[in-house]
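One structure is given here, and the rest of the page talks about it.
The values are calculated or read from the model by the stated rules, or taken from the named source; none is laboratory data. Nothing here was measured: the structure is a model prediction, and the numbers come from that model. Please note: Cβ atoms are built from the backbone with ideal geometry, for glycine as well, and neighbour counts cover all protein chains shown. For the accessible areas, the whole protein counts, side chains as well, though only heavy atoms, and no ligand, DNA or RNA atoms are used. Shrake-Rupley method; radii C 1.70, N 1.55, O 1.52, S 1.80 Å.
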Amino acid sequence: MGAFGARGLVYVGHVGTGFTDAVLDDLYARLAPLETDESPFCVPVPPEIARGSRWVRPELVGEVAFTVWTEERRLRNAVWRGLRPDKIPAEVIL
């Protein structure tokens, strides 16, 4: 997941729960055409996270619920709520 900061798109963590099989199928269909070889983030993602990652252009907005921001500015306990077609990525700011 990412949000826009002063320097560009910033990595804010990942979401590991809240998905149904139908939601995952839909997200895959939407994200596959957006795949790119380059990370979209302005600051390199930690190697342990980047390893094995597949990058996409930041053209979709998803809503997540989470408990708190960590000291590293990452989402803690993020749960997928759904896509937000009423928002554009530039509106998701830190």
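Selection within region 64-82: residues that are over 13 Å from Gly16 (Cα atoms) and in contact with a Lys or Arg (Cβ under 8 Å, 6 or more places away or on another chain). The member of this set that is surrounded by the fewest Cβ atoms within 10 Å (Cβ to Cβ) is Val68. Scanning region 7-16 for residues that are buried (at least 16 other Cβ atoms within 10 Å of the Cβ) and part of a strand (DSSP E or B) gives Leu9, Val10, Tyr11.
Does Arg57 count as surrounded by fewer than 13 Cβ atoms within 10 Å (Cβ to Cβ) and either modelled with pLDDT under 95 or basic (Lys, Arg) (or both)? In short, no.
Mind checking which residues of region 60-94 are modelled with pLDDT of 95 or more and either basic (Lys, Arg) or in contact with a Cys (Cβ under 6 Å, 6 or more places away or on another chain) (or both)? Within region 60-94, Arg74, Arg76, Arg81, Arg84, Lys87 qualify.
Going by the structure shown, is Arg30 part of a helix (DSSP H, G or I), open to solvent by 60 Å² or more (accessible area, probe 1.4 Å) and of a type in the set (Lys, Arg)? Here the answer is yes, as Arg30 does meet what is asked.
Quick check on region 30-39. Is at least one of its residues more than 18 Å from Phe4 (Cα to Cα), at pLDDT 95 or above and either in contact with a helix residue (DSSP H, G or I) (Cβ under 7 Å, 6 or more places away or on another chain) or basic (Lys, Arg) (or both)? Yes; the residues of region 30-39 include at least one that is more than 18 Å from Phe4 (Cα to Cα), at pLDDT 95 or above and either in contact with a helix residue (DSSP H, G or I) (Cβ under 7 Å, 6 or more places away or on another chain) or basic (Lys, Arg) (or both). None of Phe41, Phe19, Phe4 is outside any strand (DSSP E or B), touching a residue at least 40 places away in the same chain (Cβ under 8 Å) and surrounded by 11 or more Cβ atoms within 10 Å (Cβ to Cβ) except Phe19.
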